[in-house]
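Rule-based calculations on the coordinates, nothing more; no lab input. Keep in mind that this is a model prediction, so the values were computed, not measured. We place every Cβ from the backbone using ideal geometry, glycine too, and count neighbours over all the protein chains shown.
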Amino acid sequence: MAKLIIVPTPIGNLEDITLRSIRMLRETELIFAEDTRVCNRLLQHLEIRKTVIPFHAHNEHKTLQSAMDRIKSIETAVLVSDAGTPGISDPGFLLVRECLANGIEVECLPGPTAFVPALVASGFPCDKFVFEGFLPHKKGRQTRLQVLAEEERTVVLYESPHRLVKCLAQLGEFFGAERQICVARELTKLHEEYKRGTSQELVSYYEAHPPKGEIVILVQGKL
Ligand code: SAM
């Protein structure tokens, strides 16, 4: 009976992969990966030799059928993305949906994902939150910001370093100057950093210290 196993991979620190994830990578017959080079580096580190097939955002629709054909012909296939949990702002959803529609069991292992540690360490309420991922760059961005500004739960965003200052300024504009924000950067890596403050305070900080690396933004919910 075929089965698809979603395996989360480290978001920076290689020690964060679980023992079960390593075993699944070792035991599976086939690995689908967002970027085969990234996956092969991880496999090399874990001393695992396995067939790795590309499954990334650019070919997700196109290769869905061939991926399904392969999965049906074997016992277990694994899906990994470059970092964190596949399906979370990464390819995965379409394959999961297609497997379920074809009666193929899907299991997602618990493991690294950037927004959970960022949210928990932000100091904002984390019993209820909204994960928004990346905001649209152009079309629909303002509408999303208007909707999120009314949100009473903590809002979680993914952002790239070169857009951070613009995004923080817009959060001040749409959410109000008093709203507290936390920027979580380079989680699990050497230069992990949390900065907390208002939009204006954070804009000033990051204009003086241009950010590098990967970023999660947490915004306090509307009080
Ligand atoms: N699948 C991943 C997950 O489970 O979190 C997310 C993949 S998404 C393409 C990449 C984004 O996740 C980055 O732009 C950043 O917003 C966030 N991210 C990934 N790793 C991170 C890290 N080490 N520190 C902070 N944010 C990170």
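Details
- In the calculated pair-distance distribution of the stretch 90-139, the portion above 15 angstrom amounts to 66 percent of the Cα-Cα pairs.
- Mean Cα-pair separation over length for the stretch 3-108, i.e. relative contact order, pairs under 8 Å, 6 or more apart, %: 43 percent
- Extension reserve of the I74-M1 stretch, reckoned as 0.36 nm per residue once the Cα distance is removed: 25.5 nm
- If you wrap the chain in the convex hull of its Cα atoms and look at it from every side, the mean projected area works out to 13.0 nm².
- Per residue, the convex hull spanned by the alpha carbons of the stretch 1-87 comes to 86 Å³.
- What the Cα convex hull of the stretch 52-150 gives, in volume per residue, is 151 Å³.
- 5 Å binning of all Cα-Cα separations within the stretch 115-219, expressed as whole percents from 0 upward: 2, 13, 26, 28, 21, 8, 2, 0
- For the stretch 93-220: relative contact order, % (alpha-carbon pairs under 8 angstrom, 6 or more apart): 28 percent
- Cross-linked pairs K128/K195; K62/K166; K128/K222; K128/K212; K50/K72; K138/K189: Cα-Cα separations exceed 24 Å for K62/K166; K128/K212; K138/K189.
- The calculated FRET efficiency for the pair A121 and L14, based on their C-beta separation and a Förster distance of 25 Å, comes to about 0.75.
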